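A short write-up of the structure that comes next.
The values are calculated or read from the model by the stated rules, or taken from the named source; none is laboratory data. No experiment lies behind these values; they were computed from the predicted model shown. Backbone-built Cβ (ideal geometry, glycine too); neighbour counts: all protein chains shown.
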Amino acid sequence: MSKPKKEIEINDHQLSISYIKVWWKLLRDNKIDNKKMAARIWMFVILTAVFQWLQSLLFHWRIKKVDITTNPPFFILGHWRSGTTHLHYIFARDPQFAYLSNYQAFLLNVSLLGRTWLKWLLSPLMPDGRPQDNIKMSTDEPAEEEQPFSNISLRSGIHTFYFPQNITYHDKYNLFKGIKPREKRLWRKDYTYLIKLIKYINGKDKLVLKNPHNTPRVKELLELFPQSKFLFIHRNPYAVFHSTRHLFRKAISTQFLQNFSEEEIVDRVFYYFSSTLQKYLNERHMIPTGNLLEISFEELDKQPWPTIEKIYSQLNLENFEAARPKIAEYLNSVSEYEKNQFPDLEPHIIERINKEWDFAFKAWGYEKMHPQPV
């Protein structure tokens, strides 16, 4: 009889490598309920402060000089749990692209000081898979840039994940709703520096970035990178709800520094989906012709090679044949991956999805379910 799979737990906080000034301002602006975790963050922030300062002293001006206009990033967009990570892993296998690794993301502010020994120290601490879906993790696998962005900037949408009672981080820095001109200028400055840092660390011109927080930032990303290419993936709304609620329960809730109930989590899932994807739909026309492709999770899942070939062809990405062997190796490695299995959605949730997410069914042609009477 096989052993049951060990449940993956997250014991550390993503703010633990923050700049002192960032962490201090977040504490001043937000009520803290999880004081034990906050004290743990303080400990790591203080312990790493000297190394963060040293990295800044040695590399800050070199990073500032990095050119990010010649080869703008290739952006993978989509709501959480829509298949963005799978796409990121695919394109990370293409040798022409650089990407932010888990090692770089977890230790961004000191990563340039210990590219070999720090990475070696971190490897045994990495879980084998992510708690929400058991997708493989290692120090070299690709990561989202929003988490390290939250360590160096006060203007990150992911801060609402840590302070769920404060929706203004998402509204201001993902949706750019109610944002002052100065706040937007500072977001642009901070995000530009982050992209330069990722390029400098990796030493390559072409970046592939996957970040669901970027999905409603099309207008703002085009202001920074008007020639960037965008790949957007969508998925059946019922599956997205199931999986996003699971993501909050298994992973995001471990980062909460404020109390947040199950009912509030459900409301937040509904709000994130509506606000994120409606802004994307309102702005996708701004992307120049030939620089945006939309695909579905279902077609990527059922017909991976025709879908990947279509992406390279329609977005005019080069060197597909050079990338094919590495992509094939990755696809073979996940050929037996088992997706999460969930019970049937509650009837009142189905009704709410049908009503509040009606725009998504219309935009991408998904069929609605009709809840069975109890």
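Quick notes on this structure:
- Residue tally, condition within 28 Å of LEU207 (Cβ to Cβ), assigned to a loop (DSSP other than H, G, I, E, B) and not basic (Lys, Arg), over the range 19-77: 9
- Pick from the range 166-192, criterion assigned to a loop (DSSP other than H, G, I, E, B) and among the polar types (S, T, N, Q), ranking: surrounded by the fewest Cβ atoms within 10 Å (Cβ to Cβ): ASN166
- Only one entry of ASN354, ASN332 meets the criterion of being more than 22 Å from the chain's Cα centre (by Cα), assigned to a helix (DSSP H, G or I), over 16 Å from HIS79 (Cβ atoms) and at pLDDT 95 or above, and that entry is ASN354.
- Remark: GLU367 matches the filter, which requires a residue to be out of contact with any Phe, Trp or Tyr (no Cβ under 6 Å at 6 or more places or on another chain), under 20 Å from THR244 (Cα atoms), loosely packed, with under 11 Cβ neighbours inside 10 Å and among the acidic types (Asp, Glu).
- Test result for GLU309, acidic (Asp, Glu), exposed (fewer than 15 other Cβ atoms within 10 Å of the Cβ) and within 30 Å of LEU222 (Cα to Cα): yes
- Selection within the range 164-176 - over 24 Å from SER253 (Cα atoms) and free of Cβ contacts under 8 Å to residues at least 12 places away in the same chain: none
- Residue check, LEU231 touching a residue at least 60 places away in the same chain (Cβ under 8 Å) and either crowded, with 19+ Cβ neighbours inside 10 Å or part of a loop (DSSP other than H, G, I, E, B) (or both): yes
- Sole residue being farther than 18 Å from THR85 by Cβ and part of a helix (DSSP H, G or I), chosen from HIS213, HIS285: HIS285
- Against the test of being crowded, with 20+ Cβ neighbours inside 10 Å and either within 16 Å of LYS199 (Cα to Cα) or not acidic (Asp, Glu) (or both), the options PHE59, PHE75, PHE51 yield a single qualifying residue, PHE75.
- Residue check, ASN214 within 18 Å of the chain's Cα centre (by Cα), within 24 Å of PHE75 (Cβ to Cβ) and crowded, with 17+ Cβ neighbours inside 10 Å: yes
- As a summary of the residue check, PRO304 satisfies the conditions (1) surrounded by fewer than 17 Cβ atoms within 10 Å (Cβ to Cβ); (2) in contact (Cβ under 8 Å) with a residue 12 or more places away in the chain; (3) over 23 Å from HIS246 (Cβ atoms) except for the one numbered (1).
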